[in-house]
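Data first, discussion second: the structure below is written as structure tokens.
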Amino acid sequence: MPDFPALIGQPQAVELLTRAVRQDRIAPAYLFVGAPGVGRSLAARYFAGLLLSPEPQAEVSTALRQRIEQGNHPDLFWVEPTYLHQGKRYSAAEAAEMGLKRKSPPEIRLEQVREVARFLSRPPLEAVRSVVVLEEADTMAESAANGLLKTLEEPGNATLILIAPSPESLLPTLVSRCQRIPFRRLDTGAIAQVLQQANQSEILQHPEVLALAQGSPGAAIDHWQQLQAMPPELLEQVKQLPRSLRQALELARQIAQALDTEAQLWLLDYLQQHYWETLRQPQILQTLETARRNLLQYVQPRLVWEVTLMGFLPLG
């Protein structure tokens, strides 16, 4: 499809969105549901291009695509989860660039939802409608979600696109006001095509990364980057179950000191995959999943890893 040129492996989503534009039946809100990294955000950019085009149902110009990609179209408002540091909000990319120590996952905050409302309070400047995209909408706290609900009830001359992994990850009242667009996990051939297109074909030589990705090329790239950033010696140590209390405590200390919370959460995913492939012991997966929940609940990381690794001692 020329309007979705680089979106691979999502024919149903493309058909639903192009049909809506072709028939001029644009919903006030859409929910793009599916695993991260399968093309939801890319589809949102292409769809925004169709909605913001000065000539409805015409092919989106290269200039308009570039403006949307650069985020400088006055009628497009793109929202992504943020970290809060010293009273200021930072995106994941900004936080990584600044080297901020991230103690909790990013989220869409109430003030960001209020900014959406302010953005939609004025009429569009160039296009026939305004477009708002909320990436990782499932990260909204309840107060932010309730604030967004008011906007969805009266969006005005605008279309909102919420991106989330599943309808169950959002409040039912939000889901009920959106038209769902499903995004599927990709097969092996489609993943290879995406990775080659993104100049990441080397990932295809690492089956453990592809196994972690579970049909998501974007996740494969993220896992590969996390793996490259992980201290090699530390990774080799955690791939072996500890054999003594001293070893478990020392390893917990190293993990807590060397990795921020997001890297620790990734390490848990990696270890779940690794231990399942090598040991096939469900209790290990359950222990690691408990560690994940505790980290997400802001339990002190070193304590989480001490308890987790000590729990492996009878197995080592």
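The values are calculated or read from the model by the stated rules, or taken from the named source; none is laboratory data. None of the values given here were measured: they were computed from a predicted structure. Positions of Cβ are generated from backbone atoms using ideal geometry, with glycine treated the same way; all protein chains shown enter the neighbour counts.
For the range 239-251, the count of residues that are closer than 25 Å to residue 92 by Cβ and surrounded by 14 or more Cβ atoms within 10 Å (Cβ to Cβ) is zero. On the stretch given as the range 193-217, residues that are surrounded by fewer than 14 Cβ atoms within 10 Å (Cβ to Cβ), on the phi < 0 side of the Ramachandran plot and outside any helix (DSSP H, G or I) total 0. For the range 48-121, the helices (runs of 4 or more DSSP H) that sit wholly inside it and include 1 or more residues that are farther than 27 Å from residue 149 by Cα are 62-70, 92-98. Residue pairs whose Cβ atoms lie under 8 Å apart, separated by 6 or more positions or on different chains, with the first residue in the range 81-101 and more than 15 Å from residue 222 (Cβ to Cβ) and without any contact (Cβ under 8 Å) to a residue 12 or more places away in the chain and the second in a loop (DSSP other than H, G, I, E, B) and not polar (S, T, N, Q), are 90/100.
Among the conditions (1) touching a residue at least 60 places away in the same chain (Cβ under 8 Å); (2) in contact with a Pro (Cβ under 8 Å, 6 or more places away or on another chain); (3) hydrophobic (A, V, I, L, M, F, W, C), residue 251 misses just one, which is (1).
Out of the range 169-192, which residues are part of a helix (DSSP H, G or I) and farther than 27 Å from residue 51 by Cβ?
Hits for the range 169-192 are 188, 189, 191, 192.
When you look at residue 152, is it touching a Cys at 6+ places or on another chain (Cβ under 9 Å), of a type in the set (A, V, I, L, M) and not in a loop (DSSP other than H, G, I, E, B), yes or no? Yes: the conditions hold for residue 152.
Only one entry of 213, 263 meets the criterion of being of a type in the set (Gly, Ala, Ser) and touching a helix residue (DSSP H, G or I) at 6+ places or on another chain (Cβ under 6 Å), and that entry is 213. Screening the range 155-192 for residues that are among the small types (Gly, Ala, Ser) and at negative phi and picking the one that is surrounded by the fewest Cβ atoms within 10 Å (Cβ to Cβ) gives 189. The single residue among 154, 94 that is of a type in the set (D, E, K, R) and either within 16 Å of the chain's Cα centre (by Cα) or outside the structural domain of residue 28 (by TED's automatic domain parsing) (or both) turns out to be 94. Which one of 115, 69 is under 18 Å from the mean Cα position of the chain (by Cα), surrounded by fewer than 17 Cβ atoms within 10 Å (Cβ to Cβ) and charged (D, E, K, R)? Criteria check complete, one pass: 69.
Evaluating residue 275 against the criteria (1) over 20 Å from the mean Cα position of the chain (by Cα); (2) surrounded by fewer than 19 Cβ atoms within 10 Å (Cβ to Cβ); (3) hydroxyl-bearing (Ser, Thr, Tyr) leaves one unmet condition, (2). Per the conditions (1) crowded, with 18+ Cβ neighbours inside 10 Å; (2) under 25 Å from residue 95 (Cα atoms); (3) of a type in the set (A, V, I, L, M), the sole criterion not satisfied by residue 299 is (1).
Could you grab me the full set of residues in the range 6-42 that are free of Cβ contacts under 8 Å to residues at least 40 places away in the same chain and part of a loop (DSSP other than H, G, I, E, B)? Of everything in the range 6-42, those that are free of Cβ contacts under 8 Å to residues at least 40 places away in the same chain and part of a loop (DSSP other than H, G, I, E, B) turn out to be 7, 23, 24, 25.
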